[in-house]
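The values are calculated or read from the model by the stated rules, or taken from the named source; none is laboratory data. Owing to the predicted nature of the structure, the values given are computational and were not obtained by experimental measurement. Backbone-built Cβ (ideal geometry, glycine too); neighbour counts: all protein chains shown. Note: accessible area is taken over every heavy atom of the protein model, side chains too, but ligands, DNA and RNA are not part of it. Shrake-Rupley method; radii C 1.70, N 1.55, O 1.52, S 1.80 Å.
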Amino acid sequence: DSVGNVDVADCGNDTIRKITPAGVVTTLAGSAGQSGTNDGTGSAARFKGPSGVAVDSAGNLYVTDNHTIRKITPAGDVTTLAGSSAGQEGTNDGTGSAARFYIPHDAAVDSAGNVYVVDSGNKTIRKITPAGVVTTVAGSAGQSGTNDGTGSAARFNQPYGVAVDSAGNVYVH
């Protein structure tokens, strides 16, 4: 983040951890060994296999977790930004809980606050606006391959990570 902390999705413990530049580790959200999908503050929130973490310029974290994208404020308030809090998988674009993901693995945030998600199970790259509107920006759900192209003409096979540069270019590996 902007002050040098490293935020970690501790998948095995179903928690989100913070490591300060001095090496101090604290649990920001979730409770070790307590799996679930509850929104809440700090240890009252639950995660079920969180994997990717991205931070925006305001210090909010975005976490890929059990077919959802969760948002954590600097105060530790956890809400579900997009996807079904019940962990329902799918391919739907939409707003908030109407959107569906299938094994979202990683996230990155651009300078405008848009969150880009590698939706690994769907073999797509998704974009979530600050208002929670989800669209598919590259790939076609369930269609694997190596095709270069624009939008749905592009193909991926198990994309794993994503990054966004200062010019707004999205990189996928």
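Taking 10 °C and 1.306 mPa s as conditions, the stretch 1-151 diffuses translationally at an estimated 104 µm²/s according to Stokes-Einstein applied to its Kirkwood radius (Cα pairs). Taking the Cα centre of the stretch 3-139 as reference, the dipole from Cβ charges on Lys and Arg (+1) and Asp and Glu (-1) amounts to some 80 debye. Between 59, 166, 81, the Cα set farthest toward the positive side of the dipole of the chain (charges on each charged residue's Cβ, about the Cα centre) is that of 81. Taking the Cα centre of the stretch 102-173 as reference, the dipole from Cβ charges on Lys and Arg (+1) and Asp and Glu (-1) amounts to some 180 debye.
Residues within the reach of a label modelled at residue 171 (point 7 angstrom out along Cα to beta-carbon, backbone nitrogen below 11 Å), restricted to the stretch 6-31: there are none. Straight Cα distances below 18 angstrom link residue 48 to the aspartates and glutamates 7, 10, 14, 39, 65, 77, 89, 106, 119, with same-chain residues fewer than 8 positions distant left out.
Residues 69, 19, 103, sorted by accessible area with the largest first, give 103, 19, 69 [1.4 Å probe; ligands and nucleic acids excluded]. Considering only 117, 99, 138, the residue lying farthest towards the positive end of the dipole of the stretch 77-139 is 138, judged by Cα position with unit charges set on Cβ. Positive contributions from Lys and Arg (+1) and negative ones from Asp and Glu (-1), summed over other residues with Cβ under 13 Å from the Cβ of residue 103, come out at 0. Put a plus charge on the Cβ of each Lys and Arg, a minus charge on the Cβ of each Asp and Glu, and nothing anywhere else: the dipole of the stretch 59-162 about its Cα centre is then about 100 debye. Based on protein heavy atoms only, the chain ends up with 46 Å² per residue of surface accessible to a 1.4 Å probe. Modelled spin labels at residue 38 and residue 57, positioned 7 Å past Cα toward Cβ, are 3.6 nm from each other.
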